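Working notes for the structure below.
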Amino acid sequence: MPAPAELQFPPATAIDEEPPFEGVPPFESWGRYPAYGATVIPLHWQGDFPRAIDGVHHGALAVGMGRSYGDVCLLKDGTLLQTTSMNRLLGFDAATGLLTAETGITLAQILDFAVPRGFFLPVTPGTKYVTLGGAIANDIHGKNHHSAGTFGNHVTQFELVRSDGTRMHCSPTQNPDYFEATIGGMGLTGVMTWAQVRLKPIVSRMVDFQGIQFHGIDEFLDLTQQAEHIEYTVSWVDVTSTGKNFCRGIFMQGDHSQVPAPLKPSAKPKLVFPVELPGFALNKLSVSAFNALYFNKQMKKRATALQDYEPFFYPLDAVLHWNRMYGKRGLLQFQYVIPWEHAREGTVAILTEVAKSGLASFLAVLKAFGNVQSPGMMSFPKPGITLALDFPIKPEKSFALFDRLAEMTREFGGRLYPAKDARMTAPQFQAFYPQWERFARYKDPALTSSFWERVISGGIK
(Lines give C-alpha, C1' and ligand atoms only; values in the text may rest on other atoms or scores of the structure.)
Protein backbone atom coordinates (compact mmCIF):
# COMPACT_ATOMS: atom_id res chain seq x y z
CA MET A 1 0.00 0.00 0.00
CA PRO A 2 1.37 3.50 -0.79
CA ALA A 3 2.71 5.58 2.07
CA PRO A 4 0.13 7.82 3.75
CA ALA A 5 1.70 11.03 2.41
CA GLU A 6 1.31 9.70 -1.10
CA LEU A 7 -2.42 9.28 -0.60
CA GLN A 8 -3.23 12.88 0.30
CA PHE A 9 -5.28 15.03 -2.06
CA PRO A 10 -5.84 18.77 -2.21
CA PRO A 11 -9.34 19.95 -1.31
CA ALA A 12 -11.87 19.91 -4.14
CA THR A 13 -11.94 23.71 -4.11
CA ALA A 14 -8.32 24.01 -5.28
CA ILE A 15 -7.79 26.19 -8.33
CA ASP A 16 -6.90 23.23 -10.53
CA GLU A 17 -10.36 21.74 -10.28
CA GLU A 18 -13.83 23.14 -10.83
CA PRO A 19 -15.17 24.46 -7.50
CA PRO A 20 -18.28 22.71 -6.16
CA PHE A 21 -20.02 25.83 -4.90
CA GLU A 22 -19.63 29.44 -5.99
CA GLY A 23 -20.83 32.60 -4.34
CA VAL A 24 -23.62 32.69 -1.78
CA PRO A 25 -27.10 31.17 -1.67
CA PRO A 26 -29.28 30.57 -3.52
CA PHE A 27 -27.32 27.38 -4.20
CA GLU A 28 -27.48 26.22 -7.83
CA SER A 29 -27.44 22.74 -9.25
CA TRP A 30 -25.63 22.21 -12.55
CA GLY A 31 -28.81 23.02 -14.47
CA ARG A 32 -29.16 26.22 -12.41
CA TYR A 33 -32.89 25.58 -12.14
CA PRO A 34 -34.56 25.73 -9.72
CA ALA A 35 -32.46 27.99 -7.46
CA TYR A 36 -33.20 27.82 -3.74
CA GLY A 37 -31.67 29.41 -0.69
CA ALA A 38 -29.99 27.03 1.75
CA THR A 39 -27.50 26.96 4.60
CA VAL A 40 -24.25 25.26 3.55
CA ILE A 41 -22.26 23.46 6.28
CA PRO A 42 -18.97 21.77 5.32
CA LEU A 43 -18.17 18.30 6.65
CA HIS A 44 -14.42 17.92 7.22
CA TRP A 45 -14.28 14.67 9.21
CA GLN A 46 -16.16 11.40 9.28
CA GLY A 47 -17.43 12.20 12.78
CA ASP A 48 -18.96 15.58 11.86
CA PHE A 49 -22.36 14.06 11.10
CA PRO A 50 -24.86 14.04 12.78
CA ARG A 51 -23.55 16.79 15.11
CA ALA A 52 -23.58 19.21 12.17
CA ILE A 53 -27.38 19.20 12.10
CA ASP A 54 -28.01 19.78 15.81
CA GLY A 55 -30.86 22.27 16.04
CA VAL A 56 -31.75 22.03 12.34
CA HIS A 57 -35.52 22.03 11.85
CA HIS A 58 -35.97 22.22 8.07
CA GLY A 59 -34.19 19.04 7.06
CA ALA A 60 -30.71 18.36 5.74
CA LEU A 61 -29.06 16.78 2.71
CA ALA A 62 -25.47 15.73 1.98
CA VAL A 63 -24.21 17.16 -1.31
CA GLY A 64 -20.98 16.89 -3.27
CA MET A 65 -20.06 18.84 -6.40
CA GLY A 66 -23.62 19.87 -7.25
CA ARG A 67 -23.48 18.22 -10.69
CA SER A 68 -27.04 16.88 -10.58
CA TYR A 69 -29.14 18.87 -13.03
CA GLY A 70 -32.38 19.48 -11.16
CA ASP A 71 -33.38 19.55 -7.50
CA VAL A 72 -32.19 16.15 -6.26
CA CYS A 73 -29.17 17.99 -4.78
CA LEU A 74 -31.18 20.96 -3.48
CA LEU A 75 -33.15 21.62 -0.32
CA LYS A 76 -35.16 24.82 -0.24
CA ASP A 77 -34.53 26.74 3.01
CA GLY A 78 -32.81 23.66 4.41
CA THR A 79 -29.25 22.66 5.32
CA LEU A 80 -26.79 21.30 2.75
CA LEU A 81 -23.90 19.27 4.17
CA GLN A 82 -20.96 19.81 1.81
CA THR A 83 -18.78 16.68 1.71
CA THR A 84 -16.00 17.79 -0.66
CA SER A 85 -13.49 18.44 2.15
CA MET A 86 -13.97 14.84 3.29
CA ASN A 87 -11.84 13.55 0.42
CA ARG A 88 -9.08 11.39 1.87
CA LEU A 89 -7.91 8.23 0.17
CA LEU A 90 -7.84 5.53 2.85
CA GLY A 91 -6.38 2.51 1.12
CA PHE A 92 -5.57 0.81 -2.16
CA ASP A 93 -4.78 -2.81 -2.99
CA ALA A 94 -2.97 -3.04 -6.32
CA ALA A 95 -3.49 -6.81 -6.42
CA THR A 96 -7.29 -6.53 -6.41
CA GLY A 97 -7.89 -2.95 -7.58
CA LEU A 98 -9.90 -2.22 -4.43
CA LEU A 99 -9.77 1.46 -3.52
CA THR A 100 -11.18 2.80 -0.25
CA ALA A 101 -11.80 6.52 0.13
CA GLU A 102 -13.93 9.07 1.91
CA THR A 103 -17.00 9.84 -0.14
CA GLY A 104 -16.24 13.52 -0.79
CA ILE A 105 -13.34 12.57 -3.06
CA THR A 106 -14.04 13.26 -6.74
CA LEU A 107 -13.68 10.88 -9.64
CA ALA A 108 -11.09 13.32 -11.00
CA GLN A 109 -8.99 12.89 -7.86
CA ILE A 110 -9.38 9.11 -8.02
CA LEU A 111 -8.19 9.14 -11.64
CA ASP A 112 -5.18 11.30 -10.76
CA PHE A 113 -4.17 8.61 -8.28
CA ALA A 114 -5.24 5.49 -10.17
CA VAL A 115 -4.24 6.06 -13.80
CA PRO A 116 -0.47 6.37 -13.14
CA ARG A 117 -0.76 3.09 -11.23
CA GLY A 118 -2.47 1.32 -14.13
CA PHE A 119 -6.12 1.49 -13.06
CA PHE A 120 -9.29 3.19 -14.26
CA LEU A 121 -12.84 3.71 -13.03
CA PRO A 122 -15.07 0.68 -13.64
CA VAL A 123 -17.93 2.98 -14.73
CA THR A 124 -17.81 6.71 -15.37
CA PRO A 125 -20.39 9.34 -16.37
CA GLY A 126 -19.71 12.15 -18.82
CA THR A 127 -17.97 14.29 -16.18
CA LYS A 128 -15.27 13.41 -13.68
CA TYR A 129 -16.25 16.29 -11.40
CA VAL A 130 -18.62 14.24 -9.26
CA THR A 131 -17.92 12.79 -5.84
CA LEU A 132 -17.67 9.13 -4.95
CA GLY A 133 -20.71 9.57 -2.70
CA GLY A 134 -22.67 11.24 -5.48
CA ALA A 135 -21.75 8.47 -7.90
CA ILE A 136 -23.21 5.92 -5.46
CA ALA A 137 -26.23 7.96 -4.40
CA ASN A 138 -27.28 8.44 -8.05
CA ASP A 139 -25.97 5.03 -9.16
CA ILE A 140 -24.37 6.61 -12.19
CA HIS A 141 -24.03 4.84 -15.51
CA GLY A 142 -21.69 5.25 -18.45
CA LYS A 143 -20.88 4.12 -21.96
CA ASN A 144 -20.30 0.55 -20.79
CA HIS A 145 -23.61 -0.21 -19.09
CA HIS A 146 -24.25 -3.10 -21.49
CA SER A 147 -21.07 -4.81 -20.25
CA ALA A 148 -20.41 -3.45 -16.74
CA GLY A 149 -23.75 -2.25 -15.37
CA THR A 150 -23.90 0.78 -13.09
CA PHE A 151 -21.32 2.22 -10.70
CA GLY A 152 -23.06 0.44 -7.83
CA ASN A 153 -22.22 -2.93 -9.39
CA HIS A 154 -18.57 -2.25 -8.47
CA VAL A 155 -19.07 -0.92 -4.92
CA THR A 156 -18.15 -3.60 -2.39
CA GLN A 157 -18.93 -1.83 0.90
CA PHE A 158 -19.43 1.53 2.60
CA GLU A 159 -20.22 3.07 5.97
CA LEU A 160 -23.61 4.73 6.42
CA VAL A 161 -24.21 7.11 9.32
CA ARG A 162 -27.78 7.82 10.36
CA SER A 163 -28.99 11.04 11.95
CA ASP A 164 -29.45 9.26 15.30
CA GLY A 165 -25.71 8.48 15.31
CA THR A 166 -26.02 4.84 14.27
CA ARG A 167 -23.06 3.73 12.14
CA MET A 168 -23.80 0.90 9.72
CA HIS A 169 -21.29 -1.16 7.75
CA CYS A 170 -23.15 -1.93 4.51
CA SER A 171 -22.31 -4.53 1.88
CA PRO A 172 -24.17 -7.23 -0.06
CA THR A 173 -23.93 -9.41 3.08
CA GLN A 174 -23.95 -6.84 5.94
CA ASN A 175 -27.07 -4.70 6.22
CA PRO A 176 -27.88 -5.67 2.62
CA ASP A 177 -31.22 -3.85 2.70
CA TYR A 178 -29.52 -0.52 3.48
CA PHE A 179 -26.84 -1.33 0.90
CA GLU A 180 -29.56 -1.74 -1.72
CA ALA A 181 -31.50 1.34 -0.60
CA THR A 182 -28.45 3.63 -0.50
CA ILE A 183 -27.16 2.80 -4.01
CA GLY A 184 -29.34 5.04 -6.13
CA GLY A 185 -31.03 6.31 -2.96
CA MET A 186 -30.42 10.00 -3.74
CA GLY A 187 -28.58 10.60 -0.47
CA LEU A 188 -31.70 10.08 1.64
CA THR A 189 -30.77 7.00 3.69
CA GLY A 190 -27.94 8.62 5.67
CA VAL A 191 -24.50 10.10 5.11
CA MET A 192 -21.86 7.80 3.59
CA THR A 193 -18.49 8.49 5.22
CA TRP A 194 -16.31 6.12 3.16
CA ALA A 195 -16.78 3.59 0.39
CA GLN A 196 -14.82 0.90 -1.37
CA VAL A 197 -14.92 0.43 -5.15
CA ARG A 198 -13.16 -2.05 -7.42
CA LEU A 199 -11.13 -0.35 -10.17
CA LYS A 200 -10.19 -1.97 -13.48
CA PRO A 201 -6.63 -2.42 -14.79
CA ILE A 202 -5.41 -0.56 -17.89
CA VAL A 203 -2.03 -0.40 -19.66
CA SER A 204 -2.55 2.85 -21.57
CA ARG A 205 -4.41 6.16 -21.40
CA MET A 206 -5.52 5.58 -24.98
CA VAL A 207 -8.81 4.28 -26.37
CA ASP A 208 -9.19 2.45 -29.70
CA PHE A 209 -11.98 4.64 -31.08
CA GLN A 210 -14.38 4.36 -34.02
CA GLY A 211 -16.98 6.92 -35.06
CA ILE A 212 -19.69 5.71 -37.45
CA GLN A 213 -22.31 7.91 -39.10
CA PHE A 214 -25.85 6.56 -39.13
CA HIS A 215 -29.18 7.68 -40.55
CA GLY A 216 -32.28 6.65 -38.63
CA ILE A 217 -33.17 4.59 -35.61
CA ASP A 218 -32.82 1.25 -37.42
CA GLU A 219 -29.19 1.93 -38.34
CA PHE A 220 -28.55 2.90 -34.72
CA LEU A 221 -30.09 -0.36 -33.50
CA ASP A 222 -28.05 -2.39 -36.02
CA LEU A 223 -24.83 -0.72 -34.88
CA THR A 224 -25.75 -1.31 -31.25
CA GLN A 225 -26.20 -5.02 -31.90
CA GLN A 226 -22.95 -5.26 -33.87
CA ALA A 227 -21.04 -3.57 -31.04
CA GLU A 228 -22.13 -5.90 -28.23
CA HIS A 229 -18.51 -7.04 -27.83
CA ILE A 230 -17.19 -3.45 -27.64
CA GLU A 231 -16.84 -2.16 -24.07
CA TYR A 232 -17.91 1.46 -24.62
CA THR A 233 -20.68 2.64 -26.95
CA VAL A 234 -22.66 5.88 -27.15
CA SER A 235 -24.24 7.99 -29.88
CA TRP A 236 -24.70 11.66 -30.53
CA VAL A 237 -27.99 12.25 -32.34
CA ASP A 238 -29.23 15.29 -34.25
CA VAL A 239 -32.69 16.08 -32.84
CA THR A 240 -33.31 19.09 -35.08
CA SER A 241 -33.30 17.38 -38.48
CA THR A 242 -36.39 15.99 -40.16
CA GLY A 243 -37.16 14.13 -43.40
CA LYS A 244 -34.33 11.97 -44.72
CA ASN A 245 -32.01 13.27 -41.99
CA PHE A 246 -34.36 12.40 -39.12
CA CYS A 247 -32.47 10.69 -36.28
CA ARG A 248 -29.10 10.95 -37.98
CA GLY A 249 -26.11 10.74 -35.70
CA ILE A 250 -22.63 9.43 -34.95
CA PHE A 251 -22.22 6.09 -33.21
CA MET A 252 -19.06 6.14 -31.08
CA GLN A 253 -17.41 2.99 -29.78
CA GLY A 254 -14.14 2.16 -28.12
CA ASP A 255 -12.03 -0.18 -26.00
CA HIS A 256 -9.06 0.58 -23.79
CA SER A 257 -5.92 0.17 -25.88
CA GLN A 258 -3.98 -3.00 -25.08
CA VAL A 259 -0.70 -1.49 -26.33
CA PRO A 260 1.32 -0.37 -23.27
CA ALA A 261 1.91 3.38 -23.18
CA PRO A 262 2.84 6.01 -20.56
CA LEU A 263 0.25 6.39 -17.80
CA LYS A 264 0.76 9.99 -16.77
CA PRO A 265 -1.86 12.10 -14.93
CA SER A 266 -4.14 14.37 -16.94
CA ALA A 267 -3.34 18.03 -17.41
CA LYS A 268 -5.64 20.44 -15.60
CA PRO A 269 -8.26 22.22 -17.72
CA LYS A 270 -7.36 25.78 -18.68
CA LEU A 271 -10.41 26.90 -20.63
CA VAL A 272 -13.30 28.58 -18.82
CA PHE A 273 -16.60 29.54 -20.45
CA PRO A 274 -16.25 33.26 -19.85
CA VAL A 275 -19.77 34.71 -19.82
CA GLU A 276 -23.41 33.75 -19.71
CA LEU A 277 -24.84 33.75 -23.23
CA PRO A 278 -28.04 35.71 -23.86
CA GLY A 279 -31.20 33.63 -23.98
CA PHE A 280 -31.63 34.00 -27.74
CA ALA A 281 -28.17 32.60 -28.58
CA LEU A 282 -29.25 28.95 -28.49
CA ASN A 283 -32.15 28.67 -30.89
CA LYS A 284 -33.28 26.24 -33.55
CA LEU A 285 -31.27 27.95 -36.30
CA SER A 286 -27.99 28.13 -34.37
CA VAL A 287 -28.28 24.59 -32.98
CA SER A 288 -29.33 23.17 -36.37
CA ALA A 289 -26.26 24.77 -37.94
CA PHE A 290 -24.03 23.35 -35.21
CA ASN A 291 -25.57 19.89 -35.59
CA ALA A 292 -25.02 19.90 -39.36
CA LEU A 293 -21.38 20.88 -38.88
CA TYR A 294 -20.86 18.28 -36.16
CA PHE A 295 -22.37 15.48 -38.25
CA ASN A 296 -20.38 16.42 -41.35
CA LYS A 297 -17.05 17.08 -39.62
CA GLN A 298 -16.42 13.37 -40.04
CA MET A 299 -15.62 13.18 -43.74
CA LYS A 300 -16.05 9.40 -44.00
CA LYS A 301 -18.89 7.22 -42.80
CA ARG A 302 -16.46 5.38 -40.52
CA ALA A 303 -13.46 7.01 -38.82
CA THR A 304 -10.86 5.23 -36.68
CA ALA A 305 -8.43 6.83 -34.25
CA LEU A 306 -6.32 6.24 -31.16
CA GLN A 307 -7.79 8.73 -28.69
CA ASP A 308 -6.82 9.81 -25.19
CA TYR A 309 -9.40 8.88 -22.56
CA GLU A 310 -10.09 12.54 -21.63
CA PRO A 311 -11.83 13.60 -24.87
CA PHE A 312 -13.44 10.17 -25.20
CA PHE A 313 -15.07 10.14 -21.75
CA TYR A 314 -15.05 13.81 -20.70
CA PRO A 315 -15.22 16.13 -23.73
CA LEU A 316 -17.17 18.82 -21.86
CA ASP A 317 -14.81 18.83 -18.86
CA ALA A 318 -12.22 20.56 -21.04
CA VAL A 319 -14.23 23.79 -20.59
CA LEU A 320 -15.01 24.72 -16.99
CA HIS A 321 -18.47 26.18 -16.29
CA TRP A 322 -19.78 25.20 -19.72
CA ASN A 323 -23.32 25.41 -18.33
CA ARG A 324 -23.02 29.21 -18.67
CA MET A 325 -23.70 28.83 -22.40
CA TYR A 326 -27.37 28.34 -21.50
CA GLY A 327 -27.66 31.76 -19.90
CA LYS A 328 -28.93 32.92 -16.52
CA ARG A 329 -32.15 30.93 -16.74
CA GLY A 330 -30.15 27.70 -16.94
CA LEU A 331 -30.99 24.44 -18.63
CA LEU A 332 -33.27 21.48 -18.28
CA GLN A 333 -32.11 17.96 -18.97
CA PHE A 334 -34.50 15.22 -19.91
CA GLN A 335 -33.36 11.59 -19.76
CA TYR A 336 -35.53 8.52 -20.14
CA VAL A 337 -35.09 4.81 -20.51
CA ILE A 338 -37.76 2.92 -22.46
CA PRO A 339 -37.72 -0.91 -22.32
CA TRP A 340 -36.93 -2.83 -25.47
CA GLU A 341 -40.51 -3.85 -26.26
CA HIS A 342 -41.39 -0.17 -26.88
CA ALA A 343 -37.93 1.34 -27.29
CA ARG A 344 -37.97 1.87 -31.04
CA GLU A 345 -41.47 3.33 -31.34
CA GLY A 346 -41.07 5.35 -28.16
CA THR A 347 -37.77 6.88 -29.26
CA VAL A 348 -39.15 7.77 -32.71
CA ALA A 349 -42.25 9.33 -31.15
CA ILE A 350 -40.26 11.41 -28.65
CA LEU A 351 -37.70 12.57 -31.24
CA THR A 352 -40.60 13.55 -33.51
CA GLU A 353 -42.18 15.54 -30.68
CA VAL A 354 -38.90 17.31 -29.95
CA ALA A 355 -38.34 18.21 -33.62
CA LYS A 356 -41.91 19.49 -33.86
CA SER A 357 -41.56 21.65 -30.73
CA GLY A 358 -39.13 24.11 -32.29
CA LEU A 359 -36.80 23.76 -29.30
CA ALA A 360 -33.29 22.55 -29.94
CA SER A 361 -30.74 20.40 -28.13
CA PHE A 362 -27.20 19.91 -29.39
CA LEU A 363 -26.15 17.75 -26.41
CA ALA A 364 -28.32 14.79 -27.36
CA VAL A 365 -27.01 11.38 -26.27
CA LEU A 366 -28.59 8.10 -27.39
CA LYS A 367 -27.46 4.67 -26.20
CA ALA A 368 -28.61 1.24 -25.14
CA PHE A 369 -28.76 -0.10 -21.60
CA GLY A 370 -27.86 -3.76 -21.19
CA ASN A 371 -29.13 -6.61 -19.06
CA VAL A 372 -26.77 -6.20 -16.09
CA GLN A 373 -29.02 -5.79 -13.06
CA SER A 374 -28.46 -2.61 -11.06
CA PRO A 375 -27.94 -3.31 -7.34
CA GLY A 376 -29.84 -0.24 -6.15
CA MET A 377 -33.47 -0.35 -5.08
CA MET A 378 -34.18 2.96 -6.87
CA SER A 379 -31.60 2.74 -9.67
CA PHE A 380 -32.59 4.28 -12.99
CA PRO A 381 -31.15 2.00 -15.70
CA LYS A 382 -32.99 -1.02 -17.09
CA PRO A 383 -32.65 -2.82 -20.44
CA GLY A 384 -33.72 -0.62 -23.33
CA ILE A 385 -32.89 2.68 -25.02
CA THR A 386 -31.95 5.80 -23.10
CA LEU A 387 -31.95 9.32 -24.53
CA ALA A 388 -30.62 12.42 -22.76
CA LEU A 389 -31.40 15.93 -24.03
CA ASP A 390 -30.32 19.38 -22.81
CA PHE A 391 -32.55 22.40 -23.46
CA PRO A 392 -32.15 26.06 -22.54
CA ILE A 393 -35.01 27.14 -20.28
CA LYS A 394 -37.68 29.00 -22.19
CA PRO A 395 -40.64 28.90 -19.80
CA GLU A 396 -43.24 29.57 -22.48
CA LYS A 397 -42.16 26.42 -24.39
CA SER A 398 -39.78 24.12 -22.54
CA PHE A 399 -41.91 23.33 -19.47
CA ALA A 400 -44.87 22.24 -21.61
CA LEU A 401 -42.57 20.12 -23.79
CA PHE A 402 -41.08 18.38 -20.77
CA ASP A 403 -44.53 17.64 -19.41
CA ARG A 404 -45.51 16.03 -22.73
CA LEU A 405 -42.28 14.03 -22.98
CA ALA A 406 -42.66 12.71 -19.44
CA GLU A 407 -46.19 11.53 -20.15
CA MET A 408 -45.04 9.89 -23.39
CA THR A 409 -42.29 8.13 -21.45
CA ARG A 410 -44.86 6.76 -19.04
CA GLU A 411 -47.11 5.60 -21.89
CA PHE A 412 -44.21 3.65 -23.39
CA GLY A 413 -43.42 1.93 -20.08
CA GLY A 414 -40.25 3.92 -19.41
CA ARG A 415 -39.00 6.09 -16.59
CA LEU A 416 -37.01 9.28 -16.02
CA TYR A 417 -33.69 9.78 -14.21
CA PRO A 418 -34.09 11.68 -10.90
CA ALA A 419 -30.50 13.00 -11.06
CA LYS A 420 -31.38 14.84 -14.27
CA ASP A 421 -34.91 15.92 -13.41
CA ALA A 422 -36.52 19.25 -12.51
CA ARG A 423 -40.10 18.73 -13.74
CA MET A 424 -41.31 15.21 -12.90
CA THR A 425 -44.68 15.19 -11.13
CA ALA A 426 -45.55 13.09 -8.09
CA PRO A 427 -47.89 10.76 -10.04
CA GLN A 428 -45.23 10.28 -12.72
CA PHE A 429 -42.46 9.48 -10.23
CA GLN A 430 -44.62 7.07 -8.30
CA ALA A 431 -45.56 5.31 -11.54
CA PHE A 432 -41.93 5.18 -12.73
CA TYR A 433 -40.69 3.91 -9.34
CA PRO A 434 -43.50 1.93 -7.69
CA GLN A 435 -40.91 0.59 -5.22
CA TRP A 436 -40.72 4.06 -3.63
CA GLU A 437 -42.91 2.93 -0.71
CA ARG A 438 -40.46 0.14 0.15
CA PHE A 439 -37.56 2.57 -0.22
CA ALA A 440 -39.23 5.10 2.09
CA ARG A 441 -38.86 2.64 4.98
CA TYR A 442 -35.07 3.12 4.80
CA LYS A 443 -35.08 6.90 4.40
CA ASP A 444 -33.44 8.81 7.25
CA PRO A 445 -36.13 10.96 8.93
CA ALA A 446 -33.80 13.99 9.15
CA LEU A 447 -32.76 13.92 5.48
CA THR A 448 -34.78 15.14 2.53
CA SER A 449 -34.41 17.08 -0.72
CA SER A 450 -36.47 19.43 -2.82
CA PHE A 451 -36.89 16.57 -5.29
CA TRP A 452 -38.27 14.23 -2.61
CA GLU A 453 -40.57 16.93 -1.26
CA ARG A 454 -41.86 17.50 -4.78
CA VAL A 455 -42.52 13.90 -5.79
CA ILE A 456 -43.45 12.31 -2.46
CA SER A 457 -43.91 14.42 0.64
CA GLY A 458 -45.93 17.07 -1.16
CA GLY A 459 -47.62 14.82 -3.67
CA ILE A 460 -48.58 11.41 -2.26
CA LYS A 461 -51.43 9.88 -4.24
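The values are calculated or read from the model by the stated rules, or taken from the named source; none is laboratory data. Source: prediction; values computed, not measured. Here Cβ is always computed from backbone atoms with ideal geometry, including for glycine, and neighbour counts include all displayed protein chains. To get the accessible areas, we keep the full protein, side chains included, count just its heavy atoms, and leave off ligands, DNA and RNA. Shrake-Rupley method; radii C 1.70, N 1.55, O 1.52, S 1.80 Å.
Using a cut-off of under 12 Å, list every residue of the stretch 284-300 whose amide N is near the label point 7 Å from the Cα of N245 along the Cα-to-beta-carbon line.
285-297
Once R0 is set to 41 Å, what does the formula 1/(1 + (r/R0)^6) return for the Cβ-Cβ distance between S288 and Q225, expressed as a FRET efficiency to the nearest 0.05?
The pair S288/Q225 has a calculated efficiency of 0.85.
Taking only Cα atoms of the chain, what ratio of Rg to Rh do you get with Rh as the Kirkwood inverse-distance radius?
0.94
Calculate the spin-label point distance for R329 paired with K297, positioning each point 7 Å from the Cα along the beta-carbon direction, and give it in nanometres.
2.7
Given 0.36 nm per residue, what is the gain on full extension from I41 to L90 after removing their alpha carbon distance, in nm?
Gain on stretching I41 to L90: 15.3 nm.
Tell me, what HN-Hα J-couplings in whole Hz come from the Karplus equation 6.51 cos²θ - 1.76 cosθ + 1.60 at θ = phi - 60° for each residue of the stretch 338-344, using x for Gly and Pro?
Listing the rounded values in order: 10, x, 4, 5, 10, 5, 5 Hz.
Alpha carbon centre of the stretch 58-125 versus the stretch 37-54: separation in Å?
Value for the Cα centre distance between the two parts: 16 Å.
Any chance you could run the full-extension gain for V319 through K268? It's 0.36 nm times the residue separation minus the Cα-Cα distance, nm to one decimal.
That pair, V319 and K268, stretches by 17.3 nm at full extension.
Hey, can you grab everything whose amide H is under 5 Å from the amide H of Y336? Only 5+ residues off in sequence or another chain; H modelled, so Pro and N-termini drop out.
Answer set, sorted by chain and number: L387.
For the stretch 185-193, just list the computed ³J(HN,Hα) in residue order, Karplus coefficients 6.51, -1.76 and 1.60, θ = phi - 60°, integers in Hz, with x standing in for Gly and Pro.
x, 6, x, 9, 8, x, 9, 7, 8
Would you mind checking the radius of gyration and Dmax of the stretch 33-185 based on alpha-carbon positions, in Å?
15.7, 47
Can you compute the FRET efficiency between A426 and R198 using 1/(1 + (r/R0)^6), with r the Cβ-Cβ distance and R0 = 41 Å? Round to the nearest 0.05.
0.65
Given a 1.4 angstrom probe, I'd like the percentage of the accessible area of the chain that is carbon and sulfur, rounded to a whole number.
Ligands and nucleic acids excluded, carbon and sulfur reach 57 percent.
Per residue, how large is the accessible surface of the stretch 206-423? Use a 1.4 angstrom probe and give square angstrom.
Normalised by residue count, the accessible surface of the stretch 206-423 is 44 Å².
What is the extension gain from A305 to Q435, computed as 0.36 nm multiplied by their sequence separation minus the C-alpha to C-alpha distance, in nm to one decimal?
Extra length from A305 to Q435 when fully extended: 42.4 nm.
Set the Förster distance to 56 Å, then compute FRET efficiency between S457 and Q258 from the Cβ-Cβ distance, nearest 0.05.
0.65
Just check the stretch 206-423 against the gyration tensor rule for me: Cα atoms, a ≥ b ≥ c as the square roots of the eigenvalues, rounded for a/c under 1.5, and otherwise prolate or oblate depending on whether a/b exceeds b/c.
Rounded.
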